[in-house]
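Below: one structure, written as structure tokens.
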């Protein structure tokens, strides 16, 4: 019988997998193996997701999610923070109730220093805005979301409701996960 745990991912039904935890450099390969063993997976539920410790791997993981047409959903009172938002945005379709929270903030260096977005390289800005466009945002929405994210100090975070995040990208409002 195939395994049901793949790094931070846990298969909970023939079509649904749950992410609850940090992603890292191994997460893209773990998710690809999950899809190899469970090709019927169509929904990724993000419950309590603090983000990632590897931004590049996280963006690769998001592209795998998108390429496979997987829908993303957040349950009532779910928490999607930091880099986990990029994974939610990767959904071919996205759904969340307004009680779900999406916490954005500027990035930190590996040593924990808060990065000043004004000094942040244009190549990094281009990487993220291109990713956001590839995930369905307009150019204007991608630029706006990136600027809003980078304007929030890493130590603070800004909590958005699903309806607020939906200003940037379509999100279907739900009462509970998977509805």
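A short reminder: the numbers here are calculations on the coordinates, not readings from a lab. Since the model is a prediction, treat every value here as computed from it, not as a measurement.
Only helices enter the 222 nm calculation for the chain: every DSSP H run of n ≥ 4 contributes -39,500 (n - 2.57), and dividing by all residues gives -9500 deg cm²/dmol, rounded to 500. Hey, of (1) 11.6; (2) 9.3; (3) 10.7, which did the structure itself give for mean projected area of the Cα convex hull in nm² when calculated? Entry (2).
What the Kirkwood sum gives for region 28-75 is a hydrodynamic radius of 11.4 Å, with every pair of different alpha carbons counted. Remark: relative contact order (the chain) = 19 percent; criterion is Cα-Cα distance under 8 angstrom and separation of 6 or more residues.
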